[in-house]
Amino acid sequence: ISVTLTQAGFSIRDVQKALKALALTDVAPTFNNLNDTVEGSIALLRQFSINAGQLEGALGSINAVAGKFAVESEDIIFALRRTGAAFKAAGGNMEELIGLFTSVRATTRESAETIATGLRTIFTRIRRPRTVQFLKQLL
């Protein structure tokens with residue numbers, strides 16, 4: 001895990017902080033695959049501009065949502081990886097994306113891949129100048 005984080009460009013200090021947060025997910029009941037969690041954590045750190053010290057809180061949020069709603073942590077991590085950059089570019093934040101994805105997943109029970117791909121497409125198209133102009137005309 002530390003090699004993966006170092007290869008992703010994190011400093012030794014950030015790797016230490018991230019390792020602590022990731023170790024906690026290994027004992028959390030809603031996280032199953034540590035490798036996927038590591039990859040998702042890298043996406044979280046990069047896409048949503050959080051620092052390694054905030055990773056524990058972000059993963060804790062995912063764990064809490066997965067514990068309360070009909071969604072799995074792995075699915076949330078997948079959605080953040082697949083949709084995060086487009087959602088952030090459209091003006092959203094991590095908590096909003098988790099809430100949106102969880103709502104759709106709990107309601108439809110579609111696969112995480114289907115939902116994340118659909119959301120990424122929507123958020124990418126929302127940013128197109130022609131779409132922005134059309135939406136302004138609707139207001």
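Results, tabulated for the structure shown:
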{"quantity": "For the range 1-132, size of Cβ-based charge dipole, Lys and Arg +1, Asp and Glu -1, in debye", "calculated": "620"}
{"quantity": "Accessible-area order (highest first, 1.4 angstrom probe) of the listed residues 88, 20", "calculated": "20, 88"}
{"quantity": "Cross-link partners of residue 20 among aspartates and glutamates (Cα-Cα below 12 Å; sequence separation of 8 or more within a chain)", "calculated": "56"}
{"quantity": "Under the Debye formula (equal points on every Cα, no solvent term), log10 I(q)/I(0) of the chain at q = 0.11, 0.12, 0.19 Å⁻¹", "calculated": "-0.42, -0.49, -1.06"}
{"quantity": "Qualifying lysines (Cα of each under 27 Å from Cα of residue 17; at least 8 residues distant if same chain)", "calculated": "68, 88"}
{"quantity": "Most to least accessible of 101, 69 (protein chains only, probe 1.4 Å)", "calculated": "69, 101"}
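The values are calculated or read from the model by the stated rules, or taken from the named source; none is laboratory data. These numbers come from a predicted model, not from an experiment. Don't worry about glycine lacking a Cβ; one is built from the backbone with ideal geometry, like all the others, and counts go over all protein chains shown. Accessible surface is based on the protein model in full, side chains and every heavy atom, while ligands, DNA and RNA are left aside. Shrake-Rupley method; radii C 1.70, N 1.55, O 1.52, S 1.80 Å.
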